[in-house]
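The values are calculated or read from the model by the stated rules, or taken from the named source; none is laboratory data. Worth saying up front: this structure is predicted, and the values here are computed from it rather than measured. So basically every Cβ, Gly included, is an ideal-geometry build from the backbone, and we count neighbours across all protein chains shown. Heavy atoms of the whole protein, side chains included, go into the accessibility calculation; ligands, DNA and RNA do not. Shrake-Rupley method; radii C 1.70, N 1.55, O 1.52, S 1.80 Å.
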Amino acid sequence: MKIAKVLATRLLYGLFSLIFISFVVFMADEAAPGDRATVEMGEKARPEMVQQRRHELGLDRPWPIRYVEFVAGAAKLDFGKSWVGTKQPVSEQIAAQLPMTGKIALLAILLAAAVGITLGTVAAIWQNKFPDGAVLTLSTLGVTVPNFVLAPVLGYLFAVVLDRLPLTYSTPNTSEFERLVLPVFILSLRPMALLTRLTRASMIETLGQEFMKTAVAKGVPFWRRMLVHGLRNAITPVVTAVGTSFGFLLTGSFVVETAFGINGLGKAGIDAILSGDMPMVQATVLLGGGLFILVNLVVDLLGPILDPRMREAAT
Amino acid sequence: MKLRAIFQWIGISFLGLLVVFAIAGPMFGHSVTEPSGPIFSPAGVGGHLLGTDDQGRDILARLAAGARVSLLVGLSVQIIALIVGVIVGVIGVFGPKWIAAPLLRFTDGMFAFPDILLGILLIGTFQAINKGGTSLLADALPVIVVLAVTAWPSFARLTVTTMQSLKDREFAVAAKASGASTTYLVTKHLLPQMVGLLLAVSMVELAGTILAESTLSFIGIGVQPPTPSWGSMVDMARRNMSSHPSLLIWPCLALSLTIFSLNFVGDGLRERFDPRSK
């Protein structure tokens with residue numbers, strides 16, 4: 001029953017991280033000059049009036065009380081209403097934006113995993129030969145060219161010069177596929193490069209082990225040896241990295257969202273900062289952090305399921 | 001591995017040129033923040049070697065100023081992160097347990113939190129305080145602080161793992177046996193052993209920092225205008241892409257080449273200094 005204990009520890013650790021993030025998020029608001037009262041009353045308001053409003057909103061109570069209120073609200077996914085713009089409840093705005101971010105992150109990680117694992121396996125099988133060199137060079141390029149450089153350059157190439165794909169997500173008369181090709185491709189490059197390198201390294205290590213020689217001696221066909229004996233054993237760290245990368249994509253898609261005008265969580269967070277909408281900033285960060293912790297938790301649990309050796313070690 | 005050696009030399013030469021370019025920037029004679037000609041003037045016209053941008057500002061001068069910003073932010077962040085990270089790491093290894101254990105736990109916790117979210121939160125807080133400064137440093141300060149906060153944990157972890165393996169080596173045990181204090185051991189024996197490795201790693205991290213700075217500036221929450229940053233120059237070019245695509249070339253090229261060079265030079269240094277990477 002050790003697995004239950006490991007699970008409980010992980011859950012507890014995740015909960016602690018979440019509490020820590022909520023504290024940092026709350027304190028950021030405290031440290032920033034101006035609060036809901038000053039924003040509502042405008043810059044010209046007399047100090048007494050702002051003070052009066054602050055009292056009405058309960059902002060003049062000590063911070064520990066307000067922190068507990070904040071956490072209690074956040075636990076019910078209630079972050080209050082935006083200070084600016086439509087002044088809608090923050091949770092409604094996020095509910096509208098989260099699916100989009102989730103969609104492009106999911107598509108990007110699927111693409112990255114499919115291409116990355118294939119290229120990594122190819123590179124490992126022909127280690128130090130031409131395919132290996134080509135794959136390694138490509139994956140280095142994948143991490144050196146920044147997303148926000150790729151977005152306009154590829155956008156210019158495919159939308160303006162070739163006129164094949166739309167430049168922004170809101171371009172009319174285009175299919176969902178055409179609108180998402182560039183953002184998803186650009187988003188997938190970084191995890192793709194990472195997964196390629198990781199698959200290659202893990203695969204090379206596995207291929208060098210004794211049981212691979214046994215497989216050769218037994219006369220197992222080449223591809224069965226590579227895929228069933230090799231890749232199956234090498235895949236566990238890769239799957240873990242797929243999970244972590246997904247976490248990063250969920251919280252790191254704002255460049256692509258900004259560049260292509262996609263209304264997702266990342267763009268909402270940036271817009272909120274630019275307009276000084278603190279509740280929205282808090283909600284995005286807290287939610288992003290929560291999702292990140294959740295994904296990592298799932299990844300931790302996946303390890304023993306995929307790898308019997310880890311199951312053995314845990315029980 | 002011959003190709004990599006060539007790339008490394010290209011990287012070193014590019015970085016050398018970049019530093020010269022950044023320092024020589026003010027000598028080009030055009031204002032960085034004020035218009036000095038018609039908007040979107042093409043390259044080579046009216047003394048503007050690379051033309052002008054959407055406000056008639058000289059692109060070459062802004063590119064050089066952007067290089068200064070990138071280097072200033074990158075180097076400051078790395079220096080701060082290096083100092084904080086090494087101190088935390090040393091305390092983590094040699095400090096009393098009641099302080100070392102929570103400190104290391106906290107460092108691990110920082111890894112579990114996506115940098116960029118923390119950055120966004122801190123910038124959001126800073127944004128309200130800073131209303132467009134006057135000096136380069138004042139404009140770049142929030143970005144420096146934010147990136148330093150997210151950069152130190154990797155140095156702390158590196159210091160911890162390296163120190164733990166170094167402190168049980170014979171020379172360290174011998175120093176300890178001949179009566180060296182912990183401070184003496186750390187400063188005279190262990191840290192000098194690590195200098196090369198730390199330098200190499202901070203070179204690669206520098207690429208990450210410069211990338212992060214320009215990313216923040218690209219989405220509009222980094223170095224604030226009119227102070228130029230390569231990131232905000234890419235953003236400006238992107239907005240005028242359909243009519244003036246050539247604006248994209250220079251900031252994109254400068255950024256990509258810088259990051260490419262730092263990665264290759266850093267990897268090369270690391271291979272020299274880190275016995276494990278061989």
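Scoring A:ALA108 on the criteria (1) in contact (Cβ under 8 Å) with a residue 40 or more places away in the chain; (2) surrounded by fewer than 18 Cβ atoms within 10 Å (Cβ to Cβ) leaves a single failure, condition (2). Could you please let me know if A:LEU157 is under 25 Å from B:SER214 (Cβ atoms) and surrounded by fewer than 16 Cβ atoms within 10 Å (Cβ to Cβ)? Answer is yes for this residue. Looking at region B:63-85, which of the residues that are open to solvent by 20 Å² or more (accessible area, probe 1.4 Å) and touching a residue at least 24 places away in the same chain (Cβ under 8 Å) is farthest from B:MET233 (Cα to Cα)? Taking the candidates together, the pick is B:VAL84. Pairs are defined by a Cβ separation below 9 Å, a sequence spacing of at least 6 or placement on different chains, a first member in region B:138-156 that is open to solvent by less than 30 Å² (accessible area, probe 1.4 Å), and a second member that is modelled with pLDDT of 85 or more and outside any helix (DSSP H, G or I); the pairs so defined are B:ALA140/B:SER229; B:VAL143/B:SER229. Right, A:ALA45: touching a helix residue (DSSP H, G or I) at 6+ places or on another chain (Cβ under 6 Å) and away from every other protein chain (no Cβ under 14 Å) or not? Judged against the criteria, A:ALA45 is not a match.
Pick from region A:274-303 the residues that are polar (S, T, N, Q) and touching a helix residue (DSSP H, G or I) at 6+ places or on another chain (Cβ under 7 Å): which of them is most open to solvent (accessible area, probe 1.4 Å)? Result: A:ASN296.
One residue stands out among those in region A:61-91 that are among the basic types (Lys, Arg) and either farther than 17 Å from A:VAL24 by Cβ or under 27 Å from the mean Cα position of the chain (by Cα) (or both): the one that is surrounded by the fewest Cβ atoms within 10 Å (Cβ to Cβ), which is A:LYS76.
So which residues in region A:259-278 are more than 9 Å from chain B (Cβ to nearest Cβ) and of a type in the set (A, V, I, L, M), if there are any at all? Residues satisfying the conditions are A:ILE262, A:LEU265, A:ALA268. Filter region B:198-238 for residues that are among the acidic types (Asp, Glu) and within 9 Å of the chain's Cα centre (by Cα); which is nearest to B:SER70 (Cα to Cα)? Looking at the filtered set, the residue picked out is B:GLU213.
Scanning region B:102-135 for residues that are more than 7 Å from chain A (Cβ to nearest Cβ), open to solvent by less than 40 Å² (accessible area, probe 1.4 Å) and modelled with pLDDT of 75 or more gives B:THR107, B:MET110, B:LEU118, B:GLY119.
Yes or no, residue by residue, for (1) among the aliphatic types (A, V, I, L, M); (2) within 21 Å of the chain's Cα centre (by Cα):
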residue	(1), (2)
A:LEU136	yes, no
A:ASN147	no, yes
A:GLY155	no, no
A:LEU167	yes, no
A:SER170	no, no
A:ARG190	no, yes
A:ALA201	yes, no
A:THR206	no, no
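Working only within region A:133-175, note down all residues that are more than 9 Å from every other protein chain (Cβ to nearest Cβ), in contact (Cβ under 8 Å) with a residue 12 or more places away in the chain and closer than 16 Å to A:ARG197 by Cβ. Matches in region A:133-175: A:VAL135, A:LEU136, A:LEU138, A:SER139, A:GLY142. Of A:THR251, A:THR244, all but one fail to be more than 9 Å from chain B (Cβ to nearest Cβ) and either hydroxyl-bearing (Ser, Thr, Tyr) or open to solvent by 20 Å² or more (accessible area, probe 1.4 Å) (or both); the exception is A:THR244.
For region A:209-225, the criterion of being within 27 Å of A:ASN147 (Cα to Cα), open to solvent by less than 30 Å² (accessible area, probe 1.4 Å) and assigned to a helix (DSSP H, G or I) is met by none of the residues.
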